[in-house]
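Report on one structure; see the data block that follows.
The values are calculated or read from the model by the stated rules, or taken from the named source; none is laboratory data. Please read all numbers here as calculations on a predicted model, not as lab measurements. Quick reminder, even Gly has a Cβ in these numbers, built from the backbone with ideal geometry, and neighbours come from all protein chains shown.
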Amino acid sequence: MFEKILIANRGEIALRIIRACKELGIRTLAVYSEADVDSLHVQLADEAICIGAPPSAESYLKIDRIMSAAEVGDVDAIHPGYGFLAENAHFAEVCESCKIKFIGPPASAMHAMGDKNSARSFARKAGVSVTPGSDGIVGNEQEALKLARKIGYPLMIKAVAGGGGRGMRTAHNDASLAPAFHAARTEAEKAFGNGDVYIEKLLLNPHHIEFQIVADQHGHTVHLGERDCSIQRRNQKVIEECPSPLISPGLRKKMGHAAVKLAESVGYQNAGTMEFLVDNEGRYYFIEMNTRIQVEHTITEEVYGCDLVKEQILIAAGERLSPHVANATPRLHAIQCRINAEDPEKNFQPSPGRIVFYYAPGGRGVRIDSHAYTGYVVPPYYDSMIAKLITVGATRVSAIARMRRALDEYYITGIKTTVPFHSAIMRNADFRNGTYDTGFVERIMNSDNFALKPTPTRLHEESLTLDRRGS
Amino acid sequence: MELKDIKAIIDLMRKNDLSVFEMEKDGFKLKLQKGAGDQTVFAAPANGPPASAPAVAPAPVSPAVQAVQETEKGASLREIVSPMVGTFYRAGSPESPPFVDTGNEVTEETVVCIIEAMKVMNEIKAETKGVIAEIVAESGKPVQFGQVLFRVR
């Protein structure tokens, strides 16, 4: 088993990894930027090394400094978390050449699935249906036009090196195709250093369903069911739930089998997620694979009764899949709300700054994965997520009631957060009925009867002095 | 030059009551000075990287960030901070004298120390003009980004 692990990440996921390490008796080394010196993950790690200035490009993305820190700290493994270098095959290769275990898939699997076009190709080979689209990279306008004739509009032009909902453009007709094509290429070149694009048919308001894959280094691959991540704002997930209200046991079996087959075809190891789009007729299409642990791994953990981060570490150390993971079945229902430091009243404008007072909900069936605390200064340099609020219930109805209750107890003052936005969704009829798709958030925000639901104010505001401390 | 050669030279110096011996050959420099504190040939490994380390490379490092610090006497001290993560060494090798000592004058181009990262010896320049007031980092110990190495008057 590893003796010491370096956590190449920050925020809530760094904390999550440190907690798993502590429970496994593994020493932890945190690396951090100057903006994160007071971060909880830095305080709780056994050792910490500053690796650079606040901007990610000068710290969390600096492979040389992270490897230096790994050498100085004499670690035997690195956990990359999600984002940053988690899906950087070169980083995985550097770790390997330094004889430090990269807690994730082999670089070859990352190469195979990291390129979205290559992933589609592997899917086709494995007999997994993909969204109708180009057979490979679309090189120019003429090719794009020819494809449009063949599969029809609307179309989505996507960067092969993209991901996380970025580097995409839609085209609804011939007139908009050329500008969208060029815009996508330009943006992709700038953002990912690779302007290559492919084209997919744009499914109207599909459901985003993803399957959790776990595979050990001995060839044993399983899936831990699906997560419904259709509730998105601007292609960013905001609420996730497990299981999906849309997926029947039969469809789960079919899609799960396809996901496992595809993972095996690229020799996948460790944790990963297969993403699909599903229409209302139960037709599913593979879109991409995330070769890392995901933000929403939490709800799968609650429903299937496992610790995925611990499992990642065990797998990387050469252990076979834990029996309780290999034979896991869904028992409960879980929902996750991503709490962001954003102002929902001002078009979700980022709201970094000092958290004056922080009180997180508790009680039965409530889980908080967060690095926030009273007095913590949310830095402006990174993503705006400050907490994940997860509720678990025996049924979907009880999980929703619990989330409603928990959001009403969540006090975060000093900055704006998306808590009122989530509270409003928990009270929305379509959400409660389980009839929603990826167009849901835009529809409700444009509707007349959508109102943010702030956390109820305390009855005796004047007598409460906690707010005024520390500002 | 091997250790036994150096030992032989020291022996000769002692026998003949010499206080300084200096030689240079093919880019290799050696200075032995009697009674000069840490400038001995048997420098503790902490004074320089292990002899098996590869040759010093004039690595292109980004300029060390400087900060102004007020002392009790009101004079302002500038800090030379580490631009990287690695192991700090005051000298280029175990046999060499330190690059700088307190009281030494430095200019922007003066090499003040080595930070070893991933087997590459990076020469760190002062990036400031003045006199070394304090040696803050410990030779042979790891340093992180932004850590204070020297204070300069």
Exercise. What pairs come up if the first residue lies in region A:427-440 and is touching a residue at least 40 places away in the same chain (Cβ under 8 Å), the second is in a loop (DSSP other than H, G, I, E, B), and their beta carbons are under 7 Å apart, counting only those six or more places apart or on different chains?
Worked result: A:Gly434/A:Pro245; A:Asp437/A:Asn205; A:Asp437/A:Pro206; A:Thr438/A:Asn205; A:Thr438/A:Pro206; A:Gly439/A:Asn205
Exercise. Pairs under 9 Å by beta carbon, first residue in contact (Cβ under 8 Å) with a residue 60 or more places away in the chain in region A:26-55, partner part of a helix (DSSP H, G or I) and hydroxyl-bearing (Ser, Thr, Tyr), six or more apart or different chains?
Worked result: A:Ser33/A:Ser56
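Here is a yes/no grid of residues against (1) among the hydroxyl-bearing types (Ser, Thr, Tyr); (2) closer than 22 Å to A:Asp36 by Cα; (3) modelled with pLDDT of 95 or more; (4) surrounded by 20 or more Cβ atoms within 10 Å (Cβ to Cβ):
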site: A:Arg364; (1), (2), (3), (4): no, no, yes, no
site: A:Val392; (1), (2), (3), (4): no, no, yes, yes
site: A:Phe421; (1), (2), (3), (4): no, no, yes, yes
site: A:Gly439; (1), (2), (3), (4): no, no, no, no
site: A:Asn446; (1), (2), (3), (4): no, no, no, no
Exercise. Are any of the residues in region A:81-88 among the aliphatic types (A, V, I, L, M), within 13 Å of another protein chain (Cβ to nearest Cβ), under 24 Å from A:Pro379 (Cα atoms) and not in a strand (DSSP E or B)?
Worked result: no
Exercise. Within the group A:Lys190, A:Lys146, which residue is assigned to a helix (DSSP H, G or I) and modelled with pLDDT under 90?
Worked result: A:Lys190
Problem set entry | Residue check, A:Ile335 closer than 28 Å to A:Ser248 by Cβ, aliphatic (A, V, I, L, M) and crowded, with 19+ Cβ neighbours inside 10 Å | yes
For this session: Would you point out the residue of region A:20-61, among those that are in contact with a Leu (Cβ under 8 Å, 6 or more places away or on another chain) and farther than 15 Å from A:Ile5 by Cβ, that is farthest from the other protein chains (Cβ to nearest Cβ)?
Result: A:Leu40
Seminar exercise, completed: In the set A:Asn280, A:Asn290, the lone residue that is under 17 Å from the mean Cα position of the chain (by Cα), in the same structural domain as A:Leu224 (by TED's automatic domain parsing) and surrounded by fewer than 23 Cβ atoms within 10 Å (Cβ to Cβ) is A:Asn290
Exercise. Out of B:Gly130, B:Gly140, which single residue is of a type outside the set (Phe, Trp, Tyr), in the same structural domain as B:Glu79 (by TED's automatic domain parsing) and in contact (Cβ under 8 Å) with a residue 60 or more places away in the chain?
Worked result: B:Gly140
For this session: Sort out which residues of region A:400-426 are free of Cβ contacts under 8 Å to residues at least 60 places away in the same chain, over 15 Å from A:Glu241 (Cα atoms) and among the hydrophobic types (A, V, I, L, M, F, W, C), and write them in order of number.
Result: A:Ala406, A:Ala424
Seminar exercise, completed: Wholly inside region B:112-152, strands (runs of 3 or more DSSP E) that include 2 or more residues that are more than 13 Å from every other protein chain (Cβ to nearest Cβ), under 12 Å from the mean Cα position of the chain (by Cα) and under 23 Å from A:Glu34 (Cβ atoms) are B:120-125, B:148-152
For this session: Would you be able to tell me the number of residues in region A:193-240 that are among the aliphatic types (A, V, I, L, M) and not in a strand (DSSP E or B)?
Result: 3
Seminar exercise, completed: Within region A:62-80, the count of residues that are in contact with a Ser or Thr (Cβ under 7 Å, 6 or more places away or on another chain) and more than 8 Å from chain B (Cβ to nearest Cβ) comes to 0
Exercise. Here are A:Leu61, A:Leu24, A:Leu6: which of them is aliphatic (A, V, I, L, M) and farther than 25 Å from B:Val81 by Cβ?
Worked result: A:Leu24
Exercise. Where residues in region A:94-112 are β-branched (Val, Ile, Thr) and under 16 Å from A:Glu3 (Cβ atoms), which of them is surrounded by the fewest Cβ atoms within 10 Å (Cβ to Cβ)?
Worked result: A:Ile100
